[in-house]
Amino acid sequence: MPRRLLSTGSPFERQGGYSRAVVDGDFCFVAGTTGYDYATMAMPADVAEQARNAFRTIDKVLGEAGFALADIVRATYYILDRSDADAVLDVCGAYLGDIRPAGTILVVAGLLRPEMKVEIEVT
């Protein structure tokens, strides 16, 4: 199977020269995804809503790639503030609770834009 590149149309993908997801063989690698609504480029202020938007984007691109959330085997969550961990993990549990991929949550110094509070990447 040839390598396939998938895009959500985010301006960051064009600017940074990356794909939202890359399908290579039986694997789909989804890039770090933040909480933007890519149709409007709006970012909610609430970290939980940002996480939900990220999962909506991830779910959509996985579907376009021929995969589903149930196929996720690894997830990495990046947050800026430890106090946001419970809200983000509650959203992660709502989407992945029955799937239970290997997961890591990291508290980082910053993300690309100041409005970004969470970023999620999955395989």
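The values are calculated or read from the model by the stated rules, or taken from the named source; none is laboratory data. Since the structure is predicted, the reported quantities are computational estimates derived from the model, not experimental observations. Cβ coordinates were reconstructed from backbone atoms using ideal geometry, including for glycine residues, and neighbour counts include every protein chain displayed. Areas reflect the complete protein model, heavy atoms only, side chains present, ligands, DNA and RNA absent. Shrake-Rupley method; radii C 1.70, N 1.55, O 1.52, S 1.80 Å.
Test of understanding: what is the full-extension gain from Thr123 to Leu69, defined as 0.36 nm times their sequence separation minus their Cα-Cα distance?
Values: separation 54, 0.36 × 54 = 19.44 nm, distance 0.98 nm.
Stretched fully, the Thr123-Leu69 segment lengthens by 18.5 nm.
Count the DSSP beta bridges whose two residues both fall in the chain, then state the antiparallel fraction as a percent rounded to the nearest 5. The partial results should precede the final answer.
Values: 15 of 21 bridges.
In the chain, approximately 70 percent of DSSP beta bridges are antiparallel ones.
Can you tell me the convex hull volume per residue for the chain, based on C-alpha atoms, in Å³ to the nearest whole number?
Values: hull volume 11.8 nm³, N = 123.
Dividing the Cα hull volume of the chain by its residues yields 96 Å³.
Put +1 on the Cβ of each Lys and Arg and -1 on the Cβ of each Asp and Glu in segment 1-116; which of Thr104, Cys92, Val61 then has its Cα farthest toward the positive end of the dipole?
Val61
In segment 18-104, carbon and sulfur make up what percent of the accessible area (probe 1.4 Å)?
Values: 2120 of 4260 Å².
So the carbon and sulfur contribution to the accessible surface is 50 percent.
Please compute the contact order of the chain in relative form: average sequence separation of alpha-carbon pairs under 8 Å and at least six residues apart, divided by the residue count, as a percent. Present the calculation step by step, with values, prior to reporting the outcome.
Details: 210 pairs, mean separation 36.5, N = 123.
Computed value for the chain: 30 percent relative contact order.
For segment 66-120, what does the alpha-carbon gyration tensor say about shape, rounded, prolate or oblate, given a ≥ b ≥ c as the root eigenvalues, a/c under 1.5 as rounded, and a/b over b/c as prolate?
Working: a/c = 2.34, a/b = 1.77, b/c = 1.32.
Note, shape of segment 66-120 comes out prolate.
At 7 Å along Cα-to-Cβ for each site, give me the label-to-label distance between Ile99 and Ser7 in nm.
Output for this residue pair reads 2.5 nm.
Just add up the charged neighbours of Val88: K/R +1, D/E -1, any other residue whose Cβ is under 13 Å from the Cβ of Val88.
Working: positive: Arg52, Arg82, Lys117; negative: Asp46, Glu49, Asp81, Asp84, Asp86, Asp90, Glu119.
Here the count lands on -4.
Just the number please: accessible area per residue for the chain, 1.4 Å probe, all protein chains included, in Å². Write down the numbers at each step before the final one.
Values: 6650 Å² over 123 residues.
Roughly 54 Å² per residue, with all protein chains present.
Can you tell me the FRET efficiency between Ala39 and Asp90 if r is taken as the Cβ-Cβ distance and R0 is 25 Å, rounded to the nearest 0.05?
Numbers: r = 25 Å, r/R0 = 1.01.
The pair Ala39/Asp90 has a calculated efficiency of 0.50.
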